[in-house]
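Okay, so here's the structure we're looking at.
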Amino acid sequence: MTRTNTVRIRPARPEEAPELTALALRSKAHWGYDEAFMAACVAELTLTPEDIAPRRTAVAESPDGGRILGLATLEGEPPRGELGLMFVAPEAMGLGVGRLLFEHVRTAAAAEGFTTIRWAADPNAVPFYEAMGGRHTGTIPSGSIPGRTLPLMELGV
C-alpha cells in the first residue's frame, strides 16, 4: 500500500464493488449528464466482485479509512495497458486524489512491465489527463452511447 499526503492508495476488496460502482456513477454524473445518458453508462461503469482483482483495481481511501474517495483500474497485459476506469468522488475533486490515483497506476504499470497506457477519456477530464502527461492520440467509440466518440489518450510509462 502507498501512503501519500494523508490519502492512502490500496488494492480494492471484492466486497467494495457495489460502493465503487456507485462512486463511478456519482463521479460521471458530476459533469451534468442527463438521466438517459447516465442510464446508458451503468453497464460500462459497473464493477462486480469478480472484476476487482483482474482489473487491478485500486482505491484512494480517506485518512481515517472510513471513505473511499476514488478508484482506478489498470487493465491488460504488458507492454500495452489500459486505464479502464478512473473516478474521483465529487466531494474529493480538486484535492489531489485523482493525481494520486493516476501516479499509482503509472507506477504500478511500470513495475509490471507496461510501456504504454491508453484510455478513453471523458471530454471533461481531458485537461486533467493532459496535466498528468497524457497526450490526445485520436478518438474511440463510446462503449455506452452509440454514435458518440471519446478522446483517446496515451501515456508512456
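The values are calculated or read from the model by the stated rules, or taken from the named source; none is laboratory data. Remember, predicted model here, so these are calculated numbers, not experimental data. Glycine gets a Cβ as well: all are built from the backbone with ideal geometry, and neighbour counts include every protein chain shown.
Close contacts from the stretch 135-157, counting a first residue that is touching a residue at least 24 places away in the same chain (Cβ under 8 Å) and a second that is of a type in the set (A, V, I, L, M) and part of a loop (DSSP other than H, G, I, E, B), with Cβ to Cβ under 9 Å and a gap of 6+ residues or different chains, come to Leu150/Ala121; Pro151/Ala121; Leu152/Ala121; Met153/Ala121; Leu155/Met132. Of the residues Arg99, Arg26, Arg106, which single one is in a helix (DSSP H, G or I), touching a residue at least 60 places away in the same chain (Cβ under 8 Å) and either exposed (fewer than 14 other Cβ atoms within 10 Å of the Cβ) or not aliphatic (A, V, I, L, M) (or both)? Unique residue meeting the criteria: Arg26.
When you go through Phe114, Phe87 one by one, which is the residue that is within 14 Å of the chain's Cα centre (by Cα) and aromatic (Phe, Trp, Tyr)?
Details: Phe114 fails: within 14 Å of the chain's Cα centre (by Cα).
After ruling out the rest, the residue left standing is Phe87.
Every test in (1) in a strand (DSSP E or B); (2) without any contact (Cβ under 8 Å) to a residue 60 or more places away in the chain; (3) not aromatic (Phe, Trp, Tyr) is passed by Ala36 save one, and that test is (1). If the condition is being loosely packed, with under 15 Cβ neighbours inside 10 Å, among the hydrophobic types (A, V, I, L, M, F, W, C) and not in a helix (DSSP H, G or I), then the stretch 109-131 contributes no residue at all.
Here's the yes/no breakdown for (1) surrounded by fewer than 16 Cβ atoms within 10 Å (Cβ to Cβ); (2) modelled with pLDDT under 95; (3) more than 14 Å from the chain's Cα centre (by Cα):
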site: Glu75; (1), (2), (3): no, no, no
site: Arg80; (1), (2), (3): yes, no, yes
site: Gly143; (1), (2), (3): yes, yes, yes
site: Pro151; (1), (2), (3): no, no, yes
